[in-house]
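Shown next, in structure tokens, is the structure this report addresses.
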């Protein structure tokens, strides 16, 4: 097979793959154009799920300003909503990594194009591409590192990932807008089904054009376009297989061979996923012993209860999942305990119960104090749980008592609860 | 005529400039919030991510791929049988390396109550299985080609069957 002759043919270039060209780039671009908005929306939903506008204790990005324009009070129905949106956010983000890498591979000759800046327009667009590539890699990297508890990034995960995403999306949207017509043209230029029937022996470079993606000095093909697409697809499939089980749970959890929450930490009623063990946050046996008291506050009323007294209050059950911002989750667990609304009534706030500020015994770490909104307190499934799956809570699941609220992010289901201040937010 | 004057001076249409300026305004609005803190570290991470990918990772794997191709002058029938498992294994490592190398062993174990020792072995086993399956597939192809005395000079690439 002889390379096609065109202006610049034979020019020496390190980028000689005969597969590079606007069509291949557009296929990857289209996949990202569908996938990245899903990541963005599910990410925004996750921020809303924390109810950051309710209280400063819920908000890790209090300087958000206009970027919080869309916030709304997070619902308690359906109870599995956050489980799905955050599972999709993390799993899809990981699955899109090969597509992102392939897209960047397909356009790498543009990085070295000459002259580096042709005009003011070209210069500004390249500046925007730096935000696109640097911002995109930054957001993916912080997410991937955070779910593995590898906090090596320069700051707290929440502001880095949240503001980083806005920087990335600012560049992503303008890139998508400016390139959309060319993407559509390129995709129409070749028939996907025909491409998927073309073996390596009949693979030829795309016709040279003004995009600068087609190699002027293409090497003989060693893989077809369907082979390259298949390889990227296989990469996404491999990542899906070794990751998704941690969000699905049940017998599929063990299939998530490389994901952080891929095994149950134990057997029995308390043998489900743990975010932070008691030991990890410095909760001692003494903290959880006979001296433990639950303090209820409402207005100027305050009530202190022993665990026995809490156990004598009307007990209710609810089947609810734990769903973590890190993407893993558990199927429904059967919780038993006292309704938050009933506890509000004990301090005289039973009618139209307000929100509540929940404090943990935990001495350090984020979210040891969280604020729940009134709709969360009023949901009859929202409990101060004492038991799970028919047994006492284990120390790692928050003994003597923990919060469980339908559809709330896992970290707001406070463990080792010591005080509930109804009508307070900070 | 003025529009053409703009295009000559700027290099594109006014809409192009308007779209970019809107984008930069949002970048600046989020950017000052992003950089509030260890701004130098964060900037280094963002620019470093682009540099690390574009000038280190990508050239490295491109060179490795070229070295593989150069091992035999003509496009070899086995090349994708190495390329595909190597790509998949490398990809899994790229995403899950903190767990595979036990970067945060203590934090992971104390947080989750799970052992951090399983990941390296699993990744090695997955990689071994991928290469073994690929080799088996190549063997099968070559055997079938010989059995059928395939007259075609260039059999289809392996990742495509």
Task: Residue ranges of helices (runs of 4 or more DSSP H) in region A:104-223 with at least 2 members facing chain B (nearest Cβ under 9 Å) and surrounded by 22 or more Cβ atoms within 10 Å (Cβ to Cβ) - done: A:120-147, A:157-189
Open item on the list: Regarding region B:77-98, can at least one residue be identified that is farther than 30 Å from residue A:265 by Cα, loosely packed, with under 15 Cβ neighbours inside 10 Å and at pLDDT below 95?
Closed with: no
- [ ] Within region A:41-69, work out how many residues are farther than 14 Å from residue B:30 by Cα, in contact (Cβ under 8 Å) with a residue 24 or more places away in the chain and more than 18 Å from the chain's Cα centre (by Cα).
- [x] 4
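Among the residues in region A:69-82, are any under 18 Å from residue A:259 (Cα atoms), touching a strand residue (DSSP E or B) at 6+ places or on another chain (Cβ under 6 Å) and assigned to a helix (DSSP H, G or I)? It would help to see each step written out before you state the result.
Going residue by residue through region A:69-82, those that are under 18 Å from residue A:259 (Cα atoms) are none.
The answer is no; no qualifying residue exists.
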- [ ] Tell me the helices (runs of 4 or more DSSP H) entirely within region B:1-109 that contain at least 1 residues that are farther than 29 Å from residue A:96 by Cβ and facing chain A (nearest Cβ under 9 Å).
- [x] B:2-10, B:14-34, B:39-51
Open item on the list: Criterion first (part of a loop (DSSP other than H, G, I, E, B), within 21 Å of the chain's Cα centre (by Cα) and within 30 Å of residue A:102 (Cα to Cα)) does residue A:237 satisfy it?
Closed with: no
Open item on the list: Take residue A:51 and tell me if it is out of contact with any helix residue (DSSP H, G or I) (no Cβ under 9 Å at 6 or more places or on another chain) and assigned by TED's automatic domain parsing to the domain that holds residue A:230.
Closed with: no
Open item on the list: Can you find a residue that is at the interface with chain B (Cβ under 9 Å from one of its Cβ atoms) and under 26 Å from residue A:28 (Cα atoms) anywhere in region A:70-88?
Closed with: no
- [ ] Could you grab me the full set of residues in region A:255-280 that are more than 9 Å from every other protein chain (Cβ to nearest Cβ) and either in contact (Cβ under 8 Å) with a residue 60 or more places away in the chain or under 19 Å from residue A:358 (Cα atoms) (or both)?
- [x] A:268, A:269, A:270, A:272, A:278
- [ ] Tell me, yes or no, whether region A:221-233 has at least one residue that is touching a helix residue (DSSP H, G or I) at 6+ places or on another chain (Cβ under 8 Å), closer than 30 Å to residue A:390 by Cβ and modelled with pLDDT of 95 or more.
- [x] no
Open item on the list: So, in region A:245-261, exactly how many residues are in a loop (DSSP other than H, G, I, E, B) and either in the same structural domain as residue A:94 (by TED's automatic domain parsing) or on the phi > 0 side of the Ramachandran plot (or both)?
Closed with: 1
Open item on the list: I'd like the full set of residues that are under 29 Å from residue A:395 (Cα atoms) and either assigned to a helix (DSSP H, G or I) or modelled with pLDDT under 95 (or both), limited to region B:110-125.
Closed with: B:110, B:111, B:112, B:118, B:119
TODO: Please indicate, with yes or no, whether at least one residue in region B:127-137 is within 10 Å of another protein chain (Cβ to nearest Cβ), at pLDDT below 90 and buried (at least 19 other Cβ atoms within 10 Å of the Cβ).
DONE: no
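The values are calculated or read from the model by the stated rules, or taken from the named source; none is laboratory data. Fair warning: this is a prediction, and the values are worked out from it, not measured in the lab. Note that we place each Cβ from the backbone using ideal geometry, even for glycine, and neighbour counts take in every protein chain shown.
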